[in-house]
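Presented below is the structure to which this report refers.
Nothing in this text is a laboratory measurement; each read-out follows from the coordinates by a stated rule. Everything numeric here is computed off the predicted structure, so don't read it as measured data. No Cβ is skipped: glycine too gets one built from the backbone with ideal geometry, and neighbour counts run over all protein chains shown.
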Amino acid sequence: MAKDYYKTLGVDKTASEAEIKKAFRKLAHQHHPDKANGNADKFKEINEAYQVLSNKEKRQNYDQFGQAFDGASGGNPFGYGSPFGQGNMGGFDFSGQNMDFDLGDLFGQFFGGGAPGGRSRSQKGADIQVDLEISLKEAVFGKTEVFSLRKQVACQPCHGTGADKGTAYEKCSTCGGSGKIATTVLGTFRTQTICPECQGKGKSIKEKCRACSGNGFNEEQTDIRVEIPAGINDGQAVRLSGQGHAGKHGASAGDLYVTVRVKEEPGFVREDNDLISEYDIPFTMATLGGEMEIKTIDGRVKLKIPAGTPSGKQFVLRDKGVTNLRGRSRGDQIVIVNVEVPKKLSKKQRELLEQLDREFDSKKKSWF
């Protein structure tokens, strides 16, 4: 079923950016997993909806393409992993796996071959997609990650050709070296398709490499090093060009897509490049003022609470948010304080409050 991001946030399709942000904050506060009645799944849905609707380009694509749009694709209207579109962001590719789409795929289903006119299909290696889980702090500051991956790599003995050492290619006996096969359909239509034996090369291996059985690649465990940029968001991917599976018979390798999954950090909600955190303070501190310790990504800091602070008051900690993906600047941390009103009082506490109430009442009467 298609996701209705507007319904998720409880706003109209004509809602302004301010209305969307307000709705997100309210729902994020209500369903945050840190709260006793929080809902982690609902919180993820709210965050996903906000990531799309708070971004002008993503929102425009979502409004235009509806359920075909995938917020994680970085604006690709055909969705993550689609062969028809790619999202791109400053050197990062958010499109997922690249599927080799060719007219030959269609012709081959009916005529038993490849593309019309004998056009050779690419033998580029397949793309690989992996997930990498990182912490919020690592997303803020970036990191270098090394992990092990089993993939197809070019065969060393034959250098990826698939031919045994000391042997050469010979003319393909199936197509006579043309790389094409002529086919007549229904006795009337004539079409040329790629030779299935040599894949359009016009030549075939005389003696196959024994190390790779003529494929030109072997499967090996490989160490991968990836630089995760500071400011990356959950669901975005880094593309490592040419680090996917090796191509057949020396063709270029596919790409490796590392999709980042940012773990939830207790006490923080990410909103673009800002971090939102909420703290409860006693009504005495709200009334008299005081100082409290606040957790930030950089460490703990002291926050002064002025006397007469109302519930819901926001304090801004400059440059304590997330690093801008396109630069070195950082967002802010917004601290929201909620005033706690005690539900149970001791006898002495009640007497003191009643005394204070009488004091306020007498002052109020003196005003009139």
Inset, instruction - Compare the Cα positions of Ala154, Cys175, Ala139 along the charge dipole of region 126-193 (+1 at Cβ of Lys, Arg; -1 at Cβ of Asp, Glu; about the Cα centre) and return the one farthest towards the positive end. - result: Cys175
Inset, instruction - Along Cα→Cβ, 7 Å out, is where each label goes; now give me the distance between the ones at Lys347 and Glu57 in nm to one decimal. - result: 6.9
Inset, instruction - Please compute the Cα-Cα pair-distance distribution of region 252-320 with 10 Å bins starting at 0, giving whole percents from short to long. - result: 15, 40, 24, 10, 6, 4, 2
Inset, instruction - Please state, to two decimals, what the Cα-based radius of gyration of region 169-276 comes to when divided by 2.2 N^0.38 Å (N = residues). - result: 1.83
Inset, instruction - Under a cut-off of 28 Å between alpha-carbon atoms, report the lysines in cross-link reach of Lys347, not counting same-chain residues fewer than 8 places apart. - result: Lys363, Lys364, Lys365
Inset, instruction - Starting from one equal scatterer on each C-alpha and no solvent at all, send me the Debye-based log10 I(q)/I(0) for region 273-366 at q = 0.13, 0.15, 0.23 Å⁻¹, two decimals. - result: -0.59, -0.70, -1.15
Inset, instruction - List the residues of region 39-56 whose backbone N lies under 19 Å from a point placed 7 Å from the Cα of Asp280 along the Cα-to-Cβ direction. - result: 39-40
Legend entry - Options Ser329, Leu317, Tyr279, ranked by Cα towards positive dipole end of region 268-350, top entry (Cβ charges): Tyr279
Inset, instruction - Give the cross-link partners of Lys42 among the lysines, using a straight C-alpha distance below 26 Å as the criterion and excluding same-chain residues fewer than 8 apart. - result: Lys3, Lys7, Lys13, Lys21, Lys22, Lys26, Lys56, Lys58, Lys137, Lys263, Lys295, Lys313
Inset, instruction - Specify the inter-centroid distance of region 279-340 and region 142-160, based on alpha-carbon positions, in whole Å. - result: 46
